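**Student:** Next up is a structure, given as structure tokens.
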Amino acid sequence: MTVQIITIDGPSGSGKGTLAAKIAAHYQFHLLDSGALYRLLGLSLHQHDLLDVVATELAQCVEIATHLDIQFLSTAQGTQVLLKGEDVSQTIRTERVGEFASKVATIPELRAALVDRQHAFAQPPGLVADGRDMATSIFPEAQAKIYLTASAQSRAERRVKQLQGMGLDAKINDILANIEARDKRDMEREVAPLKPAADAYLIDSSELNIDEVFQLMTAYIDKQLAN
């Protein structure tokens, strides 16, 4: 049975995580939040005091990446993420852990260690894969490829609202600087840089709400999956 795959790539804060979950629920497909994998790996390496010495302790870091003890549990409140049995759902969404993820994502050996784990999510009837390089690197065979972007300013404003909603302190200037730095790092990394696939459907969500983007996405996906 052919597994239908929808990829949603884009920079941090573009809304792809929220929309990927909505798309997966709409089509009753499995969901891969690849960003969560990198955040979990970054957090785990930090907990092992290895994040700043990856170059000299690479073998140990790859071992941790290969055997990362993680679980994704669907609950009424959304997806619960466990690392070694501990609920880290909110922890991995902080700016600090986002920085950890961006650091480990630049290291080819760590990216390679997570590739097989990502491929394993492609199960019938289908998969919605959300990330930075889902269409260009992990699932180039995907039937529907979406690249969702937005201006850095609008993404920073959304991120501030999200963090404040979680009860966390957030300053717009700090968030904007972090987003711009992360964009630069993600776009300039040597392995699987952040960029749209040549055949991706590009959507700029700067001036659109979630429902408007969802309608654009489903109209495109329906057409692609029917081919």
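**Student:** Which is farthest toward the positive dipole end of segment 21-72 among THR66, ALA55, ALA21, measuring Cα position about the Cα centre, with Cβ charges +1 (Lys, Arg) and -1 (Asp, Glu)?
**Tutor:** Projecting each Cα onto the dipole axis, the largest value belongs to ALA21.
**Student:** Do any trypsin sites (Lys or Arg not before Pro) in segment 105-202 lie in a DSSP loop with no more than 16 other beta carbon atoms within 10 Å, and if so, which?
**Tutor:** Loop-located and lightly packed - LYS171.
**Student:** Determine the relative contact order of the chain: mean sequence separation of Cα pairs under 8 Å and six or more apart, normalised by residue count, in whole percent.
**Tutor:** Over the chain, the number comes to 34 percent.
**Student:** Still on this structure, I have one more. If the convex hull of the alpha-carbon atoms of segment 129-227 is projected onto planes in all directions, what is the mean projected area in square nanometres?
**Tutor:** Directional mean of the projected Cα hull area for segment 129-227 stands at 7.2 nm².
**Student:** Would you please classify the overall shape of segment 158-214 from the alpha carbon gyration tensor, given that a ≥ b ≥ c denote the square roots of the eigenvalues, rounded means a/c under 1.5, and beyond that prolate means a/b larger than b/c while oblate covers the rest?
**Tutor:** oblate
**Student:** Under a point spin-label approximation (7 Å from Cα along Cα-to-Cβ), what is the ASN173-SER206 distance to one decimal in nm?
**Tutor:** 2.3
**Student:** Moving on to the next point. What number, in nm² with one decimal, is the all-direction average of the projected area of the convex hull of the alpha-carbon atoms of the chain?
**Tutor:** Averaging across all directions leaves 12.2 nm² for the Cα convex hull.
**Student:** Once the Cα gyration tensor of segment 1-61 is found, what semi-axes does its equivalent ellipsoid get, as square roots of 5 times the eigenvalues, in whole Å, sorted largest first?
**Tutor:** Three semi-axes, in Å: 31, 14, 9.
**Student:** What trypsin sites (Lys or Arg not before Pro) in segment 1-99 are in a loop by DSSP, with at most 12 other Cβ atoms within 10 Å of the Cβ?
**Tutor:** Within segment 1-99, the qualifying trypsin sites (Lys or Arg not before Pro) (loop, at most 12 other Cβ atoms within 10 Å) are LYS84.
**Student:** Now for a separate question. Take every Cα-Cα pair in segment 23-110 and report what % of them are more than 15 Å apart.
**Tutor:** 58
**Student:** Quick check for you: with a 1.4 Å probe and neighbouring chains kept, what is the accessible area per residue of the chain, in Å²?
**Tutor:** 49
**Student:** Also: How large is ³J(HN,Hα), in whole Hz, for each residue of segment 138-149 in order, when computed from phi with the Karplus curve 6.51 cos²θ - 1.76 cosθ + 1.60 and θ = phi - 60°, using x for Gly and Pro?
**Tutor:** Residue by residue, segment 138-149 yields 7, 10, x, 8, 3, 6, 10, 10, 10, 10, 9, 10 Hz.
**Student:** With label points built 7 Å along Cα→Cβ from the Cα atoms of THR2 and THR91, find their separation and express it in nm.
**Tutor:** Spacing of the two 7 Å Cα→Cβ label points: 4.3 nm.
**Student:** Also, I was wondering about something else. Enumerate the lysines that LYS84 could reach by cross-link, defined here as Cα to Cα under 25 Å, with residues fewer than 8 away along the same chain left out.
**Tutor:** LYS103
**Student:** Can you bin every Cα-Cα distance in segment 86-166 into 5 Å intervals starting at zero and give me the percent of pairs per bin, rounded to whole numbers?
**Tutor:** Over segment 86-166, the share of Cα pairs per 5 Å bin runs 3, 10, 16, 20, 22, 17, 11, 1 percent.
**Student:** Still on this structure, please answer the following. Identify, among SER151, MET217, LEU37, the residue whose Cα sits farthest towards the positive end of the charge dipole of the chain, taking +1 on the Cβ of Lys and Arg and -1 on the Cβ of Asp and Glu, with the dipole about the Cα centre.
**Tutor:** Going by the charge dipole, the pick is MET217.
**Student:** Determine which lysines satisfy two conditions relative to LYS145: a Cα distance under 23 Å, and not lying fewer than 8 residues away in the same chain.
**Tutor:** Straight-distance partners of LYS145: LYS16, LYS22, LYS184, LYS195, LYS223.
**Student:** Using DSSP loop states and a limit of at most 13 other Cβ atoms within 10 Å to flag GluC sites (Glu not before Pro), what is the longest stretch of the chain containing no flagged site?
**Tutor:** Numbers: sites that count: GLU141, GLU190, GLU207.
Longest stretch, sites excluded: 1-140.
The values are calculated or read from the model by the stated rules, or taken from the named source; none is laboratory data. Just so you know, these numbers come straight off a predicted model, no measurement behind them. A quick note on method: Cβ atoms are made from the backbone with ideal geometry, for glycine too, and the neighbour counts reach across all protein chains shown. Protein only, heavy atoms only, side chains kept; ligands, DNA and RNA dropped before computing areas. Shrake-Rupley method; radii C 1.70, N 1.55, O 1.52, S 1.80 Å.
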